[in-house]
Amino acid sequence: MTRRIFKSICFAAIAVFLASLVFIMGVLYNYFSTVQRNQMKMQTELISQGVTHEGIDYFTGLKTYDYRVTWISPEGVVLFDSQSDAENMENHLERKEVKEALENGYGESSRYSVTLMERLLYSAKKLSDGTVIRLSGTQNSIWMLILGMEQPIILMFVIAAGISLFLAFRLSKKIVNPLNELNLDEPLSNKEYVELRPLLKRISLQQQQLKSQAAELRHKQEEFETATDNMNEGLILLNENGIILSMNRTASKLLRISKFCIGKDILMLNNALALQELLSKAKNGERSETTMKLNGLEYQLNASPVITDDEVSGIALLIFDVTEKEKAEQMRREFTANVSHELKTPLHSISGYAELLKNDMVKPEDISKFSGQIYSEAQRMIYLVDDIIKLSHLDEDAGDLKREDVDLYEIARETVRAFEPKAKAAKITFTMNGVSAPVRGVPQLLNSIVFNLCDNALKYNRENGSVSVDVQNTDSSVVLSVSDTGIGIPARHQERIFERFYRVDKSHSKEVGGTGLGLSIVKHAAKLHNASIELHSVVDGGTTVRIVFPK
Ligand code: ADP
């Protein structure tokens, strides 16, 4: 801007200077022309007087440098000419100045000579004898005048240009400096230029609008962050080129990346093929999902394109940790396969025995044995199906089970009592010890716990062995313990016996009517009561299982 003002001022100064020069030169030229004409008139007068007194002799020895003198007869014949031979000259009667002089006594004219490229001035005076004296001289052109004044003009130009430059420099600075020093943080505090007031008012208004818009945006951003940071899913917003614009807390936790990654290309952080394909689909405006393994965990990624004006302007990436879901899915698949397998074996036996009976291939004395086998296999299936149903109830509607205040001692005593006939038949002694122990829990599940532990203690016991059930009520917990004097569990199996369908000795378990699900039900039921399980077992020394219910 300073340059522009500087240039404008310089240009204006030079234009004024040139205009003044033209005007002055015009005036001067006019002045000098008038002076020259007057001089010619005077000279014509003087020469006329000389010729009147002396006749043609006046011209003898007359030196005329600036002018040409011509003496013309009343008929227009040239009698004398200071520069040409009078005899050879044409008649001058028709010349304007001569005509005027003959008529009025004095005449003037000027003509432009194209050949000489100069203007000639003529003045003519009629003498008393009727003859005419004419003087002609060259009138200086304006260019001659300018050339004649070359030096002062150049000097004036240099001085004027110098002054113009200096003033232009000072003025442009003086105009621009206050503009540079404007306080735009508080536009209305500037008093320098009244003309800028409307502009400053507008700036101030726009600043206020910007401030309130920024505050609103910040507020919305905070709201968005609070909402997204409390999401269980990871959320990453990308622009159309895959650059991370924002991410919530869960996303940075799941992907183990910090918020410093904002502004970076997501493919630089992870260039897995699945992610590349997902993003390229989203860039083409397609919603898609994929699963990915990251840091040993399984994630599901959903990418949705953000479409503005029919164009993809960004991508919203949702990330879920599906490790648990995948595990559960895997367990369910294994469970289903195991269930099918477990059911298939007794069904095959039943089908085989039934086929033999149907085809009368069994001796009459063996019929009862075969029917007994069918019965026991069917019984095993019933136990199995019962346990499966119990487990799936625990899996599906664990939250819906109704809790009550119950006495664990009473539950254990009832169960022990129910086992007594079976124990007697197996020649095993059952004892019940302990004190009343109120527990808040689900009665059926507590019952299942005691039942399965007692059942195992009986099934994996020896002849003349014993089972002792004990319920203790301490300040911090209620403890149920079931001890037997049975075969015990080898140390390497102890961790796994709570898994579904896991048995130390499969055939032995089947023999004694085991389903492989008893301890899984115990584990599940204990977990729902926040109870912990402790196992102490010695091969051939017996087993003690303690369930600790915290208060
Ligand atoms: P099962 O129906 O086969 O008894 P469980 O889940 O109840 O299934 O038990 C799993 C396995 O743990 C059993 O097959 C058995 O090998 C072992 N086990 C459980 N309880 C005892 C115990 N008191 N003594 C010895 N082994 C036991």
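The values are calculated or read from the model by the stated rules, or taken from the named source; none is laboratory data. Keep in mind that this is a model prediction, so the values were computed, not measured. Every residue, glycine as well, gets a Cβ built from its backbone with ideal geometry; the counts of neighbours run over all protein chains shown. Accessible surface areas use protein heavy atoms only, side chains included; no ligands, DNA or RNA. Shrake-Rupley method; radii C 1.70, N 1.55, O 1.52, S 1.80 Å.
Some notes on this structure:
- Computed over protein heavy atoms with a 1.4 Å probe, the carbon and sulfur contribution to the accessible area of the range 231-316 reaches 48%.
- Listed residues Met331, Met40, Met432 arranged by accessible area, highest first, probe 1.4 Å: Met331, Met432, Met40
- In a DSSP loop and with at most 11 other Cβ atoms within 10 Å, the GluC sites (Glu not before Pro) in the range 34-80 are Glu75.
- Count, lysine Cα pairs under 22 Å in the range 218-286, 8 or more residues apart or across chains: 4
- Between Glu103 and Phe169, the FRET efficiency from the beta-carbon distance, with R0 = 60 Å, is close to 0.40.
- Rolling a 1.4 Å probe over the protein chains gives Ser252 an accessible area of about 20 Å².
- Partner lysines whose Cα lies under 23 Å from the Cα of Lys126, excluding those fewer than 8 positions away in the same chain, are identified as Lys41, Lys63, Lys96, Lys99.
- Listed by chain and number, the lysines whose alpha-carbon sits under 21 Å from that of Lys527, ignoring those within fewer than 8 places in the same chain, are Lys325, Lys327, Lys390, Lys402, Lys551.
- Long hydrophobic helices in the chain: the complete DSSP H runs spanning 20 Å or more by Cα along their own axis with mean Kyte-Doolittle hydropathy of at least -1.0 are 2-54, 150-180, 323-358, 367-397, 408-425, 443-459.
- Cβ-derived FRET efficiency at R0 60 Å, Thr290 paired with Glu216, nearest 0.05: 0.95
- Label separation (Glu233 vs Val77): 13.0 nm, computed from points 7 Å beyond Cα along the C-beta direction.
- Alpha-carbon centroids, the range 332-364 and the range 439-493: separation in whole Å: 32
- Linear extension gain, Lys422 paired with Asn140, 0.36 nm per residue minus alpha-carbon span: 86.2 nm
- Rough spin-label spacing in nm, given labels placed 7 Å along Cα→Cβ, for Leu155 and Asp129: 5.2
- If the segment from Glu329 to Thr429 were pulled out straight at 0.36 nm per residue, it would be longer than the present Cα-Cα gap by 31.7 nm.
- Straight-distance crosslink candidates among lysines, where the alpha carbon sits under 30 Å from Lys363 and sequence neighbours closer than 8 are dropped: Lys344, Lys510
- Once the chain from Val312 to Ser532 is taken as fully extended at 0.36 nm per residue, the excess over their C-alpha distance is 73.8 nm.
- Per-residue SASA entry for Lys191, accessible area with 1.4 Å probe, Å² rounded to 10: 150
- Site pair Glu495 and Ile243 shows an inter-label distance of 5.0 nm when each label is modelled 7 Å from Cα along Cα→Cβ.
- Surface analysis of the chain yields an accessible area of 62 Å² per residue, using protein heavy atoms and a 1.4 Å probe.
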